[in-house]
Amino acid sequence: MSSLWKEDFSVQAGEDRYVQRRQFTKFLVLTSFGMFVGQCWILAKSLLHRGRTFPSQVVARTGEIPIGGVKLFRYPDPEDPCILVRISEDRFAAYSQKCTHLSCAVYYSAESRRLVCPCHDGFFSVEDGSMLQGPPPRPLPAVILDRRGDELIAIGMEPAE
Amino acid sequence: MKRNLVQVDAVMVLILVLLVVQIWLFSATLDSYLAGHRTVALPAAIVSLLLFGACGGLLGFLKRGSDRQD
């Protein structure tokens with residue numbers, strides 16, 4: 001009596017389950033292929049960046065920024081925002097303005113002498129760009145500055161983006 | 001049929017484990033790439049290829065078993 005429905009509905013549950021799981025296994029292998037393609041993409045990006053050169057770009061004149069002041073600029077490309085901070089009389093530091101967490105724009109807090117990401121309260125050291133607090137996983141990429149007379153010139157990124 | 005089900009389950013679990021390792025490898029490589037460590041990309045791609053090959057091999061094994069049944 002209990003198996004009466006099996007005569008009315010001749011569903012082969014075992015075979016059905018087998019086919020479903022085999023299909024799912026194929027999907028897993030396809031996902032594995034996707035992961036491999038992703039690795040190849042990272043490899044291609046790494047190889048393309050190996051020979052990258054950075055332009056020299058005048059960022060600011062030393063006299064135009066007061067101590068604790070900042071200047072925003074774009075480097076190395078027009079879509080890469082950066083921030084230049086005058087830490088002391090003769091010390092300047094420049095970093096990418098994109099937070100390494102979710103790319104929000106960081107700003108300099110003169111009171112705490114730290115770079116702050118307002119989105120998720122991430123804090124970076126203004127001395128070397130290292131992360132001090134919050135969710136950012138990596139330090140801010142630093143802009144390498146060269147001082148020629150009263151001009152500050154950006155000559156590269158560390159690590160190179 | 002029961003034997004077939006056990007076989008497909010075993011292969012599925014093995015592929016799932018390999019896939020988890022591959023996903024972890026991908027996220028770790030992406031993280032180190034963004035941190036500027038570019039030298040890990042090549043060995044990671046090779047290991048990912050090996051893992052994909054193992055997944056493909058397991059699927060092939062399943063297919064051969066299924067063909068033998070038919």
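The values are calculated or read from the model by the stated rules, or taken from the named source; none is laboratory data. Because the structure is a prediction, the values reported are computed rather than measured. Note that we place each Cβ from the backbone using ideal geometry, even for glycine, and neighbour counts take in every protein chain shown.
Some observations on this one:
- For the residues B:26, B:61, the requirement of being in a helix (DSSP H, G or I), touching a helix residue (DSSP H, G or I) at 6+ places or on another chain (Cβ under 6 Å) and either more than 10 Å from chain A (Cβ to nearest Cβ) or closer than 19 Å to residue A:32 by Cβ (or both) singles out B:26.
- Restricting the stretch A:119-143 to residues that are free of Cβ contacts under 8 Å to residues at least 40 places away in the same chain and in a strand (DSSP E or B), the residue that is farthest from residue A:59 (Cα to Cα): A:133
- Any hit, the stretch B:32-50, residues being surrounded by 14 or more Cβ atoms within 10 Å (Cβ to Cβ), under 11 Å from the mean Cα position of the chain (by Cα) and more than 9 Å from chain A (Cβ to nearest Cβ): no
- Pairs with Cβ under 7 Å, 6+ apart, first in the stretch B:10-30 and buried (at least 16 other Cβ atoms within 10 Å of the Cβ), second basic (Lys, Arg): B:12/A:21
- Members of the stretch B:1-17 that are facing chain A (nearest Cβ under 7 Å) and either of a type in the set (A, V, I, L, M) or in contact with a His (Cβ under 8 Å, 6 or more places away or on another chain) (or both): B:1, B:5, B:8, B:11, B:12, B:15, B:16
- When residues of the stretch A:147-161 are limited to those that are assigned to a strand (DSSP E or B) and free of Cβ contacts under 8 Å to residues at least 40 places away in the same chain, the one farthest from the chain's Cα centre (by Cα): A:148
- Any hit, the stretch A:79-86, residues being in contact with a strand residue (DSSP E or B) (Cβ under 9 Å, 6 or more places away or on another chain), surrounded by fewer than 15 Cβ atoms within 10 Å (Cβ to Cβ), over 13 Å from residue A:127 (Cβ atoms) and without any contact (Cβ under 8 Å) to a residue 24 or more places away in the chain: no
- Look at the stretch A:13-30: where a residue is more than 7 Å from chain B (Cβ to nearest Cβ), no partner that is among the charged types (D, E, K, R) sits 6+ places away or on another chain with Cβ atoms under 8 Å.
- Filter pass, residue A:58 being at pLDDT 90 or above, farther than 30 Å from residue B:60 by Cβ and not charged (D, E, K, R): yes
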